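The values are calculated or read from the model by the stated rules, or taken from the named source; none is laboratory data. On a predicted model such as this, the values are computed, not experimentally measured, just so you know. When we count neighbours, we look across all protein chains shown, and the Cβ atoms used for this are built from the backbone with ideal geometry, even at glycine.
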């Protein structure tokens, strides 16, 4: 993620708040079945990896609301040789899932507003996102109940370019 001409992880609207009890499997939420992979993401996560070719630190928190809505709160930072963190981006996202697909919005502190279309599989959530000045894709791959790998690509005239990759570990189960 880069301020100005950066990238975006799948995410959404600032009024998204994390709340409510959540099961880690598919559930009926006001008539909309929440995909199991989204239930597996619910909770707080911390990650390490690479951001724009530099060491990075990442945090994400997923929650589920009523009626098929899911929320994401996301932060990342560059990590210096001394371990010092330099914040890069903070964002909130809100998704609505129906029949295994999601739509949503992401807003970050650049500020950038991004529209999202997401597809789920048994073990992943793939979000394609677009804004006026950028487009890309974020993949969340659930490796185990306590590990998720996230990869981010941004569109360029030559095709997609990987700009972020992190392995996350769960620090708290969803509430």
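Results, tabulated for the structure shown:
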read-out	value
Residues satisfying the stated conditions in the range 59-77, i.e. more than 17 Å from residue 173 (Cα to Cα) and surrounded by 16 or more Cβ atoms within 10 Å (Cβ to Cβ)	68, 69, 75, 76, 77
All positions within the range 143-152 that are surrounded by 21 or more Cβ atoms within 10 Å (Cβ to Cβ) and over 10 Å from the mean Cα position of the chain (by Cα)	148
Identity of the residue in the range 154-172, without any contact (Cβ under 8 Å) to a residue 40 or more places away in the chain and assigned to a strand (DSSP E or B), that ends up farthest from residue 77 (Cα to Cα)	159
Checking residue 111 against (1) without any contact (Cβ under 8 Å) to a residue 60 or more places away in the chain; (2) in contact with a strand residue (DSSP E or B) (Cβ under 9 Å, 6 or more places away or on another chain), the condition it does not meet	(2)
Boolean, residue 54 is closer than 22 Å to residue 104 by Cβ and at pLDDT 95 or above	no
Qualifying residues in the range 130-140 (those that are assigned to a strand (DSSP E or B) and over 11 Å from the mean Cα position of the chain (by Cα)) - the one surrounded by the fewest Cβ atoms within 10 Å (Cβ to Cβ)	130
